[in-house]
Amino acid sequence: MFFISCGNQNPVLSEENDPAYERGRSFLKTGKESEALDQFLSVTRRVMNSPKSHLEVGRLFLTLKSRKDPFSAIYHFRRFLFLNSESQESEMVKQLIMTAEKEIIRELPGEPYSNYLNSLTLKEENERQKIEIADLKARLGLPVSSVQTITATTKTTAPSAETLGQSEVRKPVQAQKHVVQKGDSLYAISRKFYGDSSYIDFIFQANRSSLPSKNSLKLGQVLIIPPKP
């Protein structure tokens, strides 16, 4: 009876092998974000270790107008940080939490936390400028430092535009190239090179000269994959 009992136990299903996770990714590729949200939510309810699904759920709760819920977005972002604290996406997720907090504060009557809201706005604008600078340098073919390197620099002194243009980068990262293959999409390419689907616009902007739209990929087309900001 003991051996029969052990043999009937179901194996622990990993997040990426969960059918709902694959369906969620497929829905995202076709622009069906609400359906994707339902699938990723089902993964978070059944799979204990599902950081990627928590991240997608948080992002969709923050951006999907028909189901916008910044409170739920913050919960899922914090679950992602708890399950995957060493991820390269941690800094980006922290910024998304600040964005969700701003959404909540804006809905409060009389704006009782206006000072806090202003501080969040300044922090968010600062991070956005860092990314824009890195994006511009990538388009010009200049070495681009990582977000972590820029952040460490700004803690002690704010670098001038002239300083940013000089060779202060510790480890220059070169742009890569990718030949479009059957089944490719900007979503899949973003996942492949950055480990995250949020860089679709980043890749699209770097290839505007050859991409009239985000869905105009052609087999054999060579895309420029800029360094991750």
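Each reported figure results from applying straightforward, stated rules to the coordinates on display, with no laboratory input. Bear in mind the structure is a predicted one, so any value in this text is a computation, not a measurement. Because the Cβ atoms are built from the backbone with ideal geometry, glycine has one as well, and the counts that use them run over all protein chains shown.
Just a few scattered comments:
- The number of residues in the stretch 80-111 that are under 24 Å from P229 (Cα atoms) and in contact with a helix residue (DSSP H, G or I) (Cβ under 9 Å, 6 or more places away or on another chain) comes to 21.
- Test result for K68, out of contact with any helix residue (DSSP H, G or I) (no Cβ under 6 Å at 6 or more places or on another chain), crowded, with 22+ Cβ neighbours inside 10 Å and free of Cβ contacts under 8 Å to residues at least 60 places away in the same chain: no
- Filter pass, F193 being closer than 20 Å to Q174 by Cα and out of contact with any strand residue (DSSP E or B) (no Cβ under 8 Å at 6 or more places or on another chain): no
- Residue in the stretch 172-229 that is nearest to T30 (Cα to Cα), counting only those that are surrounded by fewer than 19 Cβ atoms within 10 Å (Cβ to Cβ) and among the acidic types (D, E): D184
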